[in-house]
Amino acid sequence: MALHTLTIQAAHNLLVKGEITSVELTRAVLDRIAEVDPAVRAFVTVCEEEALREAAAADACLQSGEGVTPLTGIPYGAKDCLSTARVRTTCSSAILEDYVPHYDATVIARLREAGAVLVGKQNMDEFGMGSSCENSAFFDTHNPWDLDRVPGGSSGGSAAAVAADMGLFSLGEDTGGSVRMPAGFCGVTGLKPTYGRVSRYGLIALASSFDSVGPLAHDVHDAALVTQAIAGQDPYDSTSVAAVVPGYIAGLDRDLRGVKLGVPVEYFAEGIEPGVEAAVRAAIDHLTDLGAEVQVVSLPHTDYAIPIYYLILMAEASANLARFDGVRFGLSTPLDGGDVIDRYLQTRAKGFGDEVKRRIMLGTFALSAGYYDAYYLRAQRVRTLLRQDFERAFEQVDAIIAPVCPTTAFKLGEKIDDPLQMYLSDIHVVAANPGGVCSLSVPCGFSEGLPVGMQIIGPPLGESTIFRIGDAYQATTTWHLDRPQMGQ
Ligand code: GLN
(Lines give C-alpha, C1' and ligand atoms only; values in the text may rest on other atoms or scores of the structure.)
Protein backbone atom coordinates (compact mmCIF):
# COMPACT_ATOMS: atom_id res chain seq x y z
CA MET A 1 0.00 0.00 0.00
CA ALA A 2 1.32 3.45 -0.91
CA LEU A 3 0.91 5.08 2.48
CA HIS A 4 1.60 8.61 1.24
CA THR A 5 -1.53 8.54 -0.94
CA LEU A 6 -3.94 7.96 1.96
CA THR A 7 -6.54 10.46 3.06
CA ILE A 8 -6.41 11.58 6.69
CA GLN A 9 -9.50 9.54 7.43
CA ALA A 10 -8.10 6.33 5.91
CA ALA A 11 -4.71 6.78 7.58
CA HIS A 12 -6.38 7.41 10.94
CA ASN A 13 -8.33 4.16 10.70
CA LEU A 14 -5.14 2.21 10.03
CA LEU A 15 -3.22 4.04 12.77
CA VAL A 16 -5.78 3.34 15.49
CA LYS A 17 -6.04 -0.30 14.49
CA GLY A 18 -2.26 -0.56 14.79
CA GLU A 19 -1.94 -1.69 11.16
CA ILE A 20 0.52 1.08 10.40
CA THR A 21 2.57 3.41 12.60
CA SER A 22 2.99 7.15 12.28
CA VAL A 23 6.73 6.62 11.83
CA GLU A 24 6.02 4.39 8.78
CA LEU A 25 3.53 6.89 7.41
CA THR A 26 5.86 9.85 7.98
CA ARG A 27 8.78 7.92 6.45
CA ALA A 28 6.62 7.20 3.39
CA VAL A 29 5.83 10.92 3.00
CA LEU A 30 9.50 11.90 3.47
CA ASP A 31 10.53 9.30 0.85
CA ARG A 32 7.90 10.65 -1.50
CA ILE A 33 9.26 14.18 -1.01
CA ALA A 34 12.78 12.89 -1.79
CA GLU A 35 11.40 11.20 -4.91
CA VAL A 36 9.21 13.85 -6.52
CA ASP A 37 10.06 17.21 -4.94
CA PRO A 38 13.20 17.72 -7.02
CA ALA A 39 10.74 18.11 -9.95
CA VAL A 40 7.83 19.85 -8.15
CA ARG A 41 9.79 22.03 -5.69
CA ALA A 42 6.98 22.50 -3.20
CA PHE A 43 9.18 22.62 -0.08
CA VAL A 44 11.49 25.37 1.12
CA THR A 45 12.46 23.37 4.21
CA VAL A 46 11.97 19.70 5.07
CA CYS A 47 12.29 18.91 8.77
CA GLU A 48 13.00 15.20 8.63
CA GLU A 49 14.48 14.67 12.10
CA GLU A 50 11.82 16.65 13.96
CA ALA A 51 9.10 14.96 11.93
CA LEU A 52 10.31 11.47 12.79
CA ARG A 53 10.61 12.47 16.43
CA GLU A 54 7.05 13.84 16.47
CA ALA A 55 5.85 10.69 14.68
CA ALA A 56 7.42 8.49 17.35
CA ALA A 57 5.66 10.55 20.04
CA ALA A 58 2.39 10.14 18.15
CA ASP A 59 2.93 6.38 18.02
CA ALA A 60 3.39 6.31 21.80
CA CYS A 61 0.12 8.21 22.15
CA LEU A 62 -1.66 5.82 19.77
CA GLN A 63 -0.34 2.84 21.68
CA SER A 64 -1.51 4.15 25.02
CA GLY A 65 -4.83 5.16 23.45
CA GLU A 66 -4.89 8.35 25.51
CA GLY A 67 -5.44 11.74 23.92
CA VAL A 68 -5.79 10.31 20.39
CA THR A 69 -7.38 12.76 17.92
CA PRO A 70 -8.30 12.29 14.23
CA LEU A 71 -4.99 14.00 13.39
CA THR A 72 -2.67 12.05 15.70
CA GLY A 73 0.34 10.91 13.71
CA ILE A 74 -0.80 12.52 10.43
CA PRO A 75 2.08 14.13 8.45
CA TYR A 76 1.44 17.55 6.93
CA GLY A 77 3.19 20.63 5.59
CA ALA A 78 2.62 24.34 6.22
CA LYS A 79 2.94 27.41 4.05
CA ASP A 80 6.12 29.24 4.95
CA CYS A 81 4.33 32.31 6.33
CA LEU A 82 3.15 30.38 9.41
CA SER A 83 5.58 30.74 12.31
CA THR A 84 7.11 27.47 13.47
CA ALA A 85 9.28 27.41 16.58
CA ARG A 86 12.84 26.29 15.75
CA VAL A 87 11.95 25.77 12.08
CA ARG A 88 12.97 28.46 9.58
CA THR A 89 10.02 30.57 8.39
CA THR A 90 10.90 32.56 5.29
CA CYS A 91 7.71 33.78 3.57
CA SER A 92 9.80 32.80 0.51
CA SER A 93 11.62 36.13 0.90
CA ALA A 94 15.34 36.84 0.95
CA ILE A 95 14.68 39.23 3.83
CA LEU A 96 13.60 36.31 6.06
CA GLU A 97 15.82 33.62 4.54
CA ASP A 98 17.45 32.78 7.88
CA TYR A 99 14.63 33.75 10.22
CA VAL A 100 13.80 31.15 12.86
CA PRO A 101 10.80 32.07 15.04
CA HIS A 102 10.81 31.49 18.77
CA TYR A 103 7.18 30.48 18.88
CA ASP A 104 4.48 28.59 16.97
CA ALA A 105 1.55 30.22 15.23
CA THR A 106 -1.65 29.26 17.07
CA VAL A 107 -2.72 27.02 14.17
CA ILE A 108 0.61 25.18 14.27
CA ALA A 109 0.38 24.86 18.08
CA ARG A 110 -3.15 23.47 17.79
CA LEU A 111 -2.06 20.90 15.21
CA ARG A 112 0.90 19.98 17.41
CA GLU A 113 -1.46 19.48 20.36
CA ALA A 114 -3.70 17.35 18.13
CA GLY A 115 -0.67 15.14 17.38
CA ALA A 116 -0.17 16.07 13.71
CA VAL A 117 3.40 15.78 12.39
CA LEU A 118 4.98 18.73 10.58
CA VAL A 119 7.19 17.49 7.72
CA GLY A 120 8.16 20.82 6.22
CA LYS A 121 7.51 24.39 5.12
CA GLN A 122 6.13 25.14 1.70
CA ASN A 123 7.06 27.55 -1.06
CA MET A 124 4.84 30.55 -1.80
CA ASP A 125 4.81 33.85 -3.61
CA GLU A 126 6.95 36.21 -1.51
CA PHE A 127 4.86 37.37 1.47
CA GLY A 128 1.78 35.92 -0.28
CA MET A 129 1.94 38.38 -3.16
CA GLY A 130 1.13 36.54 -6.35
CA SER A 131 -1.03 34.01 -8.12
CA SER A 132 1.53 31.63 -9.56
CA CYS A 133 4.24 30.95 -6.95
CA GLU A 134 6.74 32.54 -9.34
CA ASN A 135 7.35 35.43 -6.96
CA SER A 136 9.23 33.22 -4.51
CA ALA A 137 12.76 34.54 -3.92
CA PHE A 138 14.05 30.97 -4.01
CA PHE A 139 12.57 28.95 -6.90
CA ASP A 140 9.35 28.31 -8.82
CA THR A 141 7.00 25.52 -7.79
CA HIS A 142 5.67 23.38 -10.64
CA ASN A 143 2.17 22.04 -11.11
CA PRO A 144 2.22 18.23 -10.59
CA TRP A 145 -0.37 17.86 -13.39
CA ASP A 146 1.98 19.51 -15.90
CA LEU A 147 5.43 20.54 -14.77
CA ASP A 148 5.56 23.37 -17.33
CA ARG A 149 2.64 25.06 -15.63
CA VAL A 150 2.21 27.07 -12.44
CA PRO A 151 0.55 25.55 -9.36
CA GLY A 152 -1.31 28.82 -8.71
CA GLY A 153 -0.56 31.11 -5.81
CA SER A 154 0.28 32.22 -3.40
CA SER A 155 -0.01 28.88 -1.51
CA GLY A 156 1.37 27.07 -4.58
CA GLY A 157 3.73 24.84 -2.62
CA SER A 158 0.93 23.82 -0.26
CA ALA A 159 -1.42 22.80 -3.09
CA ALA A 160 1.28 21.07 -5.16
CA ALA A 161 2.41 19.11 -2.08
CA VAL A 162 -1.09 17.67 -1.51
CA ALA A 163 -1.61 16.97 -5.22
CA ALA A 164 1.70 15.09 -5.42
CA ASP A 165 1.10 13.22 -2.12
CA MET A 166 3.88 14.95 -0.21
CA GLY A 167 1.88 15.22 3.02
CA LEU A 168 -1.72 14.22 3.73
CA PHE A 169 -2.75 17.86 4.02
CA SER A 170 -1.32 21.36 4.06
CA LEU A 171 -2.04 24.57 5.90
CA GLY A 172 -2.24 27.57 3.60
CA GLU A 173 -3.17 31.23 3.90
CA ASP A 174 -5.80 33.08 1.85
CA THR A 175 -5.85 36.88 1.68
CA GLY A 176 -7.37 37.09 -1.78
CA GLY A 177 -7.62 33.54 -3.08
CA SER A 178 -4.28 32.06 -2.09
CA VAL A 179 -5.76 28.80 -0.80
CA ARG A 180 -8.59 28.43 -3.30
CA MET A 181 -6.81 29.33 -6.50
CA PRO A 182 -3.88 26.90 -6.14
CA ALA A 183 -6.31 24.25 -4.85
CA GLY A 184 -8.26 24.72 -8.11
CA PHE A 185 -5.13 24.60 -10.31
CA CYS A 186 -3.78 21.49 -8.58
CA GLY A 187 -7.07 19.55 -8.25
CA VAL A 188 -7.27 19.50 -4.44
CA THR A 189 -9.82 20.75 -1.91
CA GLY A 190 -9.14 24.02 -0.07
CA LEU A 191 -11.00 26.23 2.40
CA LYS A 192 -10.85 29.95 3.02
CA PRO A 193 -12.64 30.16 6.36
CA THR A 194 -14.55 33.23 7.47
CA TYR A 195 -12.22 35.99 8.66
CA GLY A 196 -11.70 35.49 12.40
CA ARG A 197 -12.85 31.85 12.46
CA VAL A 198 -9.21 30.75 12.59
CA SER A 199 -6.55 32.59 14.59
CA ARG A 200 -3.99 34.69 12.74
CA TYR A 201 -1.54 34.75 15.66
CA GLY A 202 1.90 33.87 14.31
CA LEU A 203 0.85 34.22 10.68
CA ILE A 204 3.22 36.73 9.12
CA ALA A 205 0.77 39.40 8.04
CA LEU A 206 0.06 40.38 4.45
CA ALA A 207 -3.21 42.36 4.70
CA SER A 208 -4.40 42.09 8.29
CA SER A 209 -8.08 42.69 7.53
CA PHE A 210 -8.23 39.94 4.88
CA ASP A 211 -5.78 37.21 5.98
CA SER A 212 -7.29 33.80 6.80
CA VAL A 213 -5.53 30.49 7.46
CA GLY A 214 -7.12 27.45 5.85
CA PRO A 215 -6.47 23.79 4.97
CA LEU A 216 -5.75 22.10 1.63
CA ALA A 217 -6.54 18.39 1.51
CA HIS A 218 -7.68 15.51 -0.71
CA ASP A 219 -11.35 15.90 0.11
CA VAL A 220 -13.91 17.95 2.00
CA HIS A 221 -14.06 15.49 4.87
CA ASP A 222 -10.32 15.92 5.52
CA ALA A 223 -10.53 19.71 5.14
CA ALA A 224 -13.34 19.73 7.72
CA LEU A 225 -11.26 17.62 10.13
CA VAL A 226 -8.36 20.06 9.94
CA THR A 227 -10.64 23.10 10.27
CA GLN A 228 -12.16 21.54 13.37
CA ALA A 229 -8.72 21.32 14.94
CA ILE A 230 -7.56 24.87 14.12
CA ALA A 231 -10.75 26.95 14.39
CA GLY A 232 -11.98 28.84 17.44
CA GLN A 233 -11.26 31.90 19.48
CA ASP A 234 -7.69 32.67 20.48
CA PRO A 235 -6.77 35.06 23.28
CA TYR A 236 -3.68 36.04 21.22
CA ASP A 237 -5.78 37.28 18.28
CA SER A 238 -8.34 39.91 19.23
CA THR A 239 -10.00 39.61 15.82
CA SER A 240 -10.71 35.91 16.31
CA VAL A 241 -14.42 35.18 16.63
CA ALA A 242 -15.94 34.04 19.93
CA ALA A 243 -18.71 31.95 18.34
CA VAL A 244 -18.69 28.24 19.21
CA VAL A 245 -17.14 26.01 16.53
CA PRO A 246 -19.84 23.62 15.31
CA GLY A 247 -19.16 19.90 14.83
CA TYR A 248 -18.23 20.01 11.14
CA ILE A 249 -18.00 16.25 10.64
CA ALA A 250 -21.28 15.56 12.45
CA GLY A 251 -22.90 18.13 10.11
CA LEU A 252 -21.94 16.22 6.94
CA ASP A 253 -25.29 14.70 6.04
CA ARG A 254 -25.41 14.05 2.34
CA ASP A 255 -28.95 15.08 1.59
CA LEU A 256 -29.14 18.31 -0.39
CA ARG A 257 -32.92 18.43 -0.75
CA GLY A 258 -34.15 21.92 0.00
CA VAL A 259 -30.67 23.50 -0.17
CA LYS A 260 -30.80 26.71 -2.20
CA LEU A 261 -27.85 27.53 -4.44
CA GLY A 262 -27.18 30.80 -6.25
CA VAL A 263 -25.29 31.15 -9.51
CA PRO A 264 -23.96 34.72 -9.89
CA VAL A 265 -24.38 36.03 -13.44
CA GLU A 266 -21.26 38.18 -13.09
CA TYR A 267 -19.05 35.12 -12.58
CA PHE A 268 -19.95 33.56 -15.90
CA ALA A 269 -19.17 36.62 -17.99
CA GLU A 270 -16.86 36.80 -20.99
CA GLY A 271 -13.27 35.70 -20.57
CA ILE A 272 -14.05 32.41 -18.93
CA GLU A 273 -12.49 29.44 -20.75
CA PRO A 274 -15.18 27.21 -22.34
CA GLY A 275 -13.78 24.04 -20.70
CA VAL A 276 -13.90 25.72 -17.27
CA GLU A 277 -17.46 26.97 -17.75
CA ALA A 278 -18.61 23.55 -19.00
CA ALA A 279 -17.13 21.76 -15.96
CA VAL A 280 -18.65 24.19 -13.45
CA ARG A 281 -22.05 24.14 -15.17
CA ALA A 282 -21.99 20.31 -15.17
CA ALA A 283 -21.23 20.42 -11.43
CA ILE A 284 -24.21 22.73 -10.87
CA ASP A 285 -26.42 20.27 -12.78
CA HIS A 286 -25.07 17.48 -10.61
CA LEU A 287 -25.94 19.41 -7.44
CA THR A 288 -29.44 19.87 -8.83
CA ASP A 289 -29.69 16.11 -9.34
CA LEU A 290 -28.78 15.70 -5.66
CA GLY A 291 -31.82 17.77 -4.72
CA ALA A 292 -30.46 21.34 -4.51
CA GLU A 293 -32.55 24.16 -5.96
CA VAL A 294 -30.60 26.50 -8.19
CA GLN A 295 -31.38 30.13 -9.00
CA VAL A 296 -29.55 33.01 -10.63
CA VAL A 297 -28.28 35.71 -8.25
CA SER A 298 -26.47 38.97 -8.85
CA LEU A 299 -23.36 40.35 -7.16
CA PRO A 300 -23.51 43.71 -8.94
CA HIS A 301 -20.27 45.22 -7.59
CA THR A 302 -18.07 42.32 -8.76
CA ASP A 303 -16.28 44.60 -11.26
CA TYR A 304 -14.87 46.58 -8.34
CA ALA A 305 -13.54 43.54 -6.48
CA ILE A 306 -10.08 43.51 -8.11
CA PRO A 307 -9.38 47.28 -7.81
CA ILE A 308 -10.55 47.61 -4.22
CA TYR A 309 -8.91 44.37 -3.12
CA TYR A 310 -5.55 45.35 -4.57
CA LEU A 311 -5.78 48.88 -3.25
CA ILE A 312 -6.57 47.88 0.32
CA LEU A 313 -4.12 44.97 0.18
CA MET A 314 -1.25 47.18 -0.95
CA ALA A 315 -2.05 49.82 1.69
CA GLU A 316 -2.18 47.27 4.51
CA ALA A 317 0.85 45.35 3.20
CA SER A 318 2.97 48.52 2.98
CA ALA A 319 2.26 49.16 6.67
CA ASN A 320 2.78 45.52 7.73
CA LEU A 321 6.07 45.18 5.88
CA ALA A 322 7.53 48.30 7.54
CA ARG A 323 8.71 46.03 10.36
CA PHE A 324 11.37 44.44 8.14
CA ASP A 325 13.92 47.14 8.77
CA GLY A 326 17.15 45.17 9.12
CA VAL A 327 17.18 45.79 12.86
CA ARG A 328 14.77 43.37 14.45
CA PHE A 329 14.12 40.56 11.97
CA GLY A 330 15.96 38.64 9.32
CA LEU A 331 18.36 40.14 6.83
CA SER A 332 20.49 43.02 8.02
CA THR A 333 23.06 44.71 5.85
CA PRO A 334 26.20 45.69 7.77
CA LEU A 335 26.53 49.37 8.59
CA ASP A 336 29.37 50.61 6.48
CA GLY A 337 29.78 54.18 7.57
CA GLY A 338 26.15 55.08 6.90
CA ASP A 339 23.44 55.78 9.44
CA VAL A 340 20.39 53.76 10.43
CA ILE A 341 18.38 55.11 7.48
CA ASP A 342 21.03 53.75 5.13
CA ARG A 343 20.66 50.40 6.83
CA TYR A 344 16.88 50.41 6.31
CA LEU A 345 17.27 51.35 2.67
CA GLN A 346 20.00 48.87 1.86
CA THR A 347 18.34 45.98 3.68
CA ARG A 348 14.99 46.55 2.05
CA ALA A 349 16.48 47.13 -1.41
CA LYS A 350 18.36 43.87 -1.13
CA GLY A 351 15.81 41.78 0.76
CA PHE A 352 12.53 42.43 -1.07
CA GLY A 353 11.67 41.18 -4.56
CA ASP A 354 10.18 43.30 -7.37
CA GLU A 355 6.51 42.51 -6.69
CA VAL A 356 6.88 43.30 -2.98
CA LYS A 357 8.58 46.60 -3.78
CA ARG A 358 5.89 47.46 -6.32
CA ARG A 359 3.15 46.89 -3.75
CA ILE A 360 4.94 48.75 -0.94
CA MET A 361 5.33 51.78 -3.23
CA LEU A 362 1.75 51.71 -4.49
CA GLY A 363 0.37 51.09 -0.99
CA THR A 364 2.41 53.90 0.54
CA PHE A 365 1.22 56.21 -2.21
CA ALA A 366 -2.44 55.27 -1.61
CA LEU A 367 -2.06 56.06 2.10
CA SER A 368 -0.18 59.32 1.69
CA ALA A 369 -1.64 62.68 2.65
CA GLY A 370 -3.87 64.08 -0.05
CA TYR A 371 -4.50 60.67 -1.63
CA TYR A 372 -5.87 58.79 1.35
CA ASP A 373 -9.46 59.94 0.86
CA ALA A 374 -9.40 59.49 -2.90
CA TYR A 375 -8.05 55.95 -2.80
CA TYR A 376 -8.02 54.14 0.53
CA LEU A 377 -11.17 55.63 2.02
CA ARG A 378 -13.12 55.22 -1.20
CA ALA A 379 -11.98 51.61 -1.51
CA GLN A 380 -13.19 50.96 2.05
CA ARG A 381 -16.61 52.32 1.09
CA VAL A 382 -16.81 50.08 -1.96
CA ARG A 383 -15.78 47.19 0.29
CA THR A 384 -19.06 47.74 2.17
CA LEU A 385 -20.94 47.53 -1.13
CA LEU A 386 -19.27 44.19 -1.92
CA ARG A 387 -20.22 42.89 1.50
CA GLN A 388 -23.81 44.05 0.97
CA ASP A 389 -23.91 42.21 -2.39
CA PHE A 390 -23.20 38.99 -0.52
CA GLU A 391 -25.66 39.84 2.28
CA ARG A 392 -28.43 40.33 -0.26
CA ALA A 393 -27.60 37.13 -2.11
CA PHE A 394 -27.57 35.15 1.14
CA GLU A 395 -31.07 36.38 1.94
CA GLN A 396 -32.16 34.24 -1.03
CA VAL A 397 -29.74 31.30 -1.08
CA ASP A 398 -27.71 29.10 1.28
CA ALA A 399 -24.57 29.06 -0.85
CA ILE A 400 -23.18 30.48 -4.09
CA ILE A 401 -21.49 28.39 -6.78
CA ALA A 402 -18.79 29.93 -8.98
CA PRO A 403 -15.64 29.00 -10.86
CA VAL A 404 -12.37 29.36 -8.93
CA CYS A 405 -10.54 30.87 -11.86
CA PRO A 406 -11.56 31.74 -15.44
CA THR A 407 -8.78 29.48 -16.78
CA THR A 408 -6.90 26.34 -15.84
CA ALA A 409 -3.24 26.53 -14.74
CA PHE A 410 -1.25 28.76 -17.07
CA LYS A 411 2.32 28.21 -18.26
CA LEU A 412 5.29 29.20 -16.11
CA GLY A 413 6.51 32.58 -17.38
CA GLU A 414 3.25 33.37 -19.18
CA LYS A 415 2.10 36.23 -16.94
CA ILE A 416 5.10 37.05 -14.79
CA ASP A 417 6.05 40.16 -16.78
CA ASP A 418 2.50 41.50 -16.81
CA PRO A 419 1.35 42.21 -13.24
CA LEU A 420 -2.09 43.34 -14.37
CA GLN A 421 -2.80 40.04 -16.15
CA MET A 422 -1.60 38.23 -13.04
CA TYR A 423 -3.95 40.29 -10.81
CA LEU A 424 -6.85 39.62 -13.18
CA SER A 425 -6.52 35.85 -12.75
CA ASP A 426 -7.86 36.44 -9.20
CA ILE A 427 -11.14 37.84 -10.49
CA HIS A 428 -13.34 35.09 -9.04
CA VAL A 429 -11.58 34.66 -5.71
CA VAL A 430 -10.80 38.12 -4.31
CA ALA A 431 -14.35 39.28 -3.48
CA ALA A 432 -14.74 36.68 -0.71
CA ASN A 433 -12.12 38.36 1.48
CA PRO A 434 -13.41 41.95 1.51
CA GLY A 435 -16.92 40.40 1.37
CA GLY A 436 -16.37 38.68 4.75
CA VAL A 437 -17.63 35.29 3.56
CA CYS A 438 -16.17 31.76 3.58
CA SER A 439 -15.46 29.71 0.48
CA LEU A 440 -14.49 26.16 -0.38
CA SER A 441 -12.67 25.15 -3.56
CA VAL A 442 -13.41 21.63 -4.82
CA PRO A 443 -12.22 19.85 -7.97
CA CYS A 444 -15.09 19.55 -10.47
CA GLY A 445 -13.55 18.21 -13.68
CA PHE A 446 -10.80 18.70 -16.20
CA SER A 447 -10.25 20.90 -19.21
CA GLU A 448 -7.62 19.62 -21.64
CA GLY A 449 -6.13 17.42 -18.94
CA LEU A 450 -5.89 20.16 -16.30
CA PRO A 451 -8.01 20.35 -13.14
CA VAL A 452 -10.94 22.77 -12.87
CA GLY A 453 -12.11 24.05 -9.49
CA MET A 454 -15.52 25.14 -8.30
CA GLN A 455 -16.09 27.50 -5.39
CA ILE A 456 -18.85 26.90 -2.89
CA ILE A 457 -19.21 30.27 -1.15
CA GLY A 458 -21.05 30.47 2.16
CA PRO A 459 -22.26 33.30 4.41
CA PRO A 460 -20.11 34.48 7.34
CA LEU A 461 -19.49 31.47 9.64
CA GLY A 462 -21.31 29.24 7.13
CA GLU A 463 -18.51 26.66 6.98
CA SER A 464 -20.86 23.81 8.00
CA THR A 465 -23.12 24.55 5.04
CA ILE A 466 -20.37 24.62 2.44
CA PHE A 467 -18.69 21.50 3.87
CA ARG A 468 -22.02 19.70 3.65
CA ILE A 469 -22.56 20.69 0.02
CA GLY A 470 -18.97 19.87 -0.95
CA ASP A 471 -19.07 16.52 0.81
CA ALA A 472 -22.38 15.56 -0.85
CA TYR A 473 -20.83 16.47 -4.20
CA GLN A 474 -17.71 14.39 -3.56
CA ALA A 475 -19.71 11.42 -2.27
CA THR A 476 -21.21 11.10 -5.76
CA THR A 477 -18.33 12.24 -8.01
CA THR A 478 -14.73 11.09 -8.46
CA TRP A 479 -12.83 14.23 -9.56
CA HIS A 480 -11.19 14.56 -6.16
CA LEU A 481 -9.85 10.99 -6.44
CA ASP A 482 -7.80 11.63 -9.59
CA ARG A 483 -4.09 12.05 -8.97
CA PRO A 484 -1.38 13.29 -11.31
CA GLN A 485 1.08 10.71 -12.65
CA MET A 486 4.27 11.31 -10.71
CA GLY A 487 7.02 8.98 -9.56
CA GLN A 488 6.08 5.45 -8.56
N1 GLN B 1 -3.21 36.71 -5.80
C2 GLN B 1 -3.42 37.39 -4.57
C3 GLN B 1 -2.41 38.52 -4.45
O4 GLN B 1 -1.48 38.49 -5.16
C5 GLN B 1 -3.27 36.40 -3.47
C6 GLN B 1 -3.05 36.94 -2.10
C7 GLN B 1 -3.21 35.92 -1.03
O8 GLN B 1 -4.30 35.37 -0.90
N9 GLN B 1 -2.18 35.74 -0.21
O10 GLN B 1 -2.58 39.41 -3.70
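The values are calculated or read from the model by the stated rules, or taken from the named source; none is laboratory data. Every value quoted in this text rests on a predicted model; they were computed, and no experiment measured them. Note that we place each Cβ from the backbone using ideal geometry, even for glycine, and neighbour counts take in every protein chain shown.
A few points about this structure:
- Selection within the range 119-135 - touching a strand residue (DSSP E or B) at 6+ places or on another chain (Cβ under 8 Å) and either more than 9 Å from the ligand (Cβ to nearest atom) or free of Cβ contacts under 8 Å to residues at least 40 places away in the same chain (or both): Val119, Gly120, Lys121, Gln122, Asn123
This table checks each residue for (1) basic (Lys, Arg); (2) at pLDDT 95 or above; (3) under 24 Å from the mean Cα position of the chain (by Cα); (4) more than 24 Å from Ser154 (Cα to Cα).
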site: Ala369; (1), (2), (3), (4): no, no, no, yes
site: Tyr372; (1), (2), (3), (4): no, no, no, yes
site: Ala379; (1), (2), (3), (4): no, yes, no, no
site: Gln388; (1), (2), (3), (4): no, yes, no, yes
site: Ala393; (1), (2), (3), (4): no, yes, no, yes
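- Residues located in the range 1-10, provided they are of a type outside the set (S, T, N, Q) and either within 23 Å of the chain's Cα centre (by Cα) or surrounded by fewer than 19 Cβ atoms within 10 Å (Cβ to Cβ) (or both): Met1, Ala2, His4, Leu6, Ile8, Ala10
- Residue check for Ala231: out of contact with any Cys (no Cβ under 9 Å at 6 or more places or on another chain) and free of Cβ contacts under 8 Å to residues at least 24 places away in the same chain: no
- Residues of the range 400-437 classified as outside any helix (DSSP H, G or I), in contact with a strand residue (DSSP E or B) (Cβ under 8 Å, 6 or more places away or on another chain) and either closer than 22 Å to Glu270 by Cα or within 14 Å of the ligand (Cβ to nearest atom) (or both), total: 12
- Extreme residue, farthest from the ligand (Cβ to nearest atom), among residues of the range 177-213 that are under 21 Å from Arg149 (Cα atoms) and part of a loop (DSSP other than H, G, I, E, B): Gly187
- Options Arg387, Arg378: the member that is charged (D, E, K, R) and farther than 30 Å from Ile284 by Cβ: Arg378
- Counted residues, the range 54-81 - those being touching an Asp or Glu at 6+ places or on another chain (Cβ under 7 Å) and under 21 Å from Glu173 (Cβ atoms): 2
- Matching residues, the range 259-272, being within 23 Å of the chain's Cα centre (by Cα) and part of a loop (DSSP other than H, G, I, E, B): Ile272
- From the options Leu299, Leu313, Leu367, residue that is buried (at least 18 other Cβ atoms within 10 Å of the Cβ), over 30 Å from Arg257 (Cα atoms) and in contact (Cβ under 8 Å) with a residue 12 or more places away in the chain: Leu313
- Restricting the first member to the range 403-432 and to residues that are over 25 Å from Phe446 (Cβ atoms) and modelled with pLDDT under 95, and the second to residues that are surrounded by fewer than 17 Cβ atoms within 10 Å (Cβ to Cβ) and not aliphatic (A, V, I, L, M), the beta-carbon pairs closer than 7 Å and six or more apart or on different chains are Pro419/Arg358.
- Some residue of the range 137-157 being within 16 Å of the ligand (Cβ to nearest atom) and surrounded by fewer than 24 Cβ atoms within 10 Å (Cβ to Cβ): yes
- For the range 410-435, the set of residues classified as under 18 Å from Glu126 (Cβ atoms), surrounded by fewer than 20 Cβ atoms within 10 Å (Cβ to Cβ) and of a type in the set (A, V, I, L, M, F, W, C) consists of Ile416 only.
- When Asp471, Asp389 are checked against the criterion of being acidic (Asp, Glu), more than 24 Å from Arg41 (Cα to Cα), out of contact with any Pro (no Cβ under 8 Å at 6 or more places or on another chain) and assigned to a helix (DSSP H, G or I), Asp471 stands alone in meeting it.
Quick grid of which residues meet (1) in contact with a Phe, Trp or Tyr (Cβ under 8 Å, 6 or more places away or on another chain); (2) among the hydroxyl-bearing types (Ser, Thr, Tyr):
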residue: Leu3; (1), (2): no, no
residue: Leu6; (1), (2): no, no
residue: Lys17; (1), (2): no, no
residue: Ile33; (1), (2): yes, no
residue: Leu62; (1), (2): no, no
residue: Thr72; (1), (2): no, yes
residue: Arg86; (1), (2): no, no
